[in-house]
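Here is the structure we will look at, set down as structure tokens.
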């Protein structure tokens, strides 16, 4: 889904697509799993996808090649960094000693070859956990992360509110690291909804606002459907910074029972209506 404004574009998609509980709400009953990605693009109309399985399992080039082959030219992917790059960083539970994980990065980059060769990679998303606190060691790790991925576009998502200040934004800009704007429950300690961009790529992730966030299992944490009023609020955030970005990506991660796909389609419709009315983005 693309909205063009001179040389700017806004693409909306979902965080993942391969969910059994999307059969019925999103995918037709009886459709083969191998056909889901094609349906996601051709029937639902999405032109961008955030690949999340790569957090749990190190990506393999042959798997990404198969995904690329099922999508048309111009389709875009974002690949989420493996957990060994963002979560499993310490040798002990107190997180006092850092693991040397430098060897993981070349393996990860090598697997991205099919997306790079087909010009379908928009970015690598590095989502850090709540316990990735703002301190000197972690700040330096962001610099190392940038260096290890070379010139690949990288977007950083923070969960801990400690990172929410001007210093962080300046640091990301200096390191050529993108900032992930998140919408999540308005709970103490979590990041607020703060539309901003630190590179030419503006990036949004909408997790839902289920207040049972810290205690709930994942399938419940992301069980949320945005209302029209809430989508309007998110849209205003997109419009506020998309005019200053070369590309804007927005992904819905409230994936329980297909709600992400439904909300993404609603957002696309709202974007298209704005375009038809001739509404201006911020210049």
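We did not get these values from a lab; they are worked out from the coordinates using the rules stated. None of these values were measured; they are calculated from a predicted model. Methodologically, a virtual Cβ is constructed for each residue, glycine included, from the backbone with ideal geometry; neighbour enumeration extends over all protein chains shown.
Highest first, please rank the peptides 259-265, 111-117 by the mean number of other Cβ atoms sitting within 10 Å of their residues. Don't jump to the answer; show the numbers that get you there.
Working: 259-265: 22.9, 111-117: 17.4.
Answer by packing, highest mean first, reads 259-265, 111-117.
Which three numbers, in whole Å and largest first, are the semi-axes of the equivalent ellipsoid of the range 37-120 derived from its Cα gyration tensor as √(5λ)? Mind dumping the intermediate values first?
Values: eigenvalues 186, 37, 14 Å².
For the range 37-120, the ellipsoid semi-axes come out as 31, 14, 8 Å.
Provide the FRET efficiency to the nearest 0.05 for the residue 140-residue 43 pair, computing r from the beta carbons and using R0 = 35 Å.
For residue 140 and residue 43, the calculated efficiency is 0.15.
Using just the helices of the chain, give the 222 nm mean residue ellipticity in deg cm²/dmol: DSSP H runs with n ≥ 4 each add -39,500 (n - 2.57), and the total is spread over all residues, rounded to 500.
-9500 deg cm²/dmol
Tell me, what is the FRET efficiency for residue 173 and residue 119 to the nearest 0.05, using R0 = 30 angstrom and their Cβ-Cβ distance as r?
The formula returns an efficiency of 0.70 here.
What is the percent of Cα-Cα separations in the chain that go past 23 Å?
The share of Cα pairs beyond 23 Å in the chain comes to 53 percent.
Can you compute the FRET efficiency between residue 152 and residue 236 using 1/(1 + (r/R0)^6), with r the Cβ-Cβ distance and R0 = 22 Å? Round to the nearest 0.05.
That pair, residue 152 with residue 236, gives E of 0.15.
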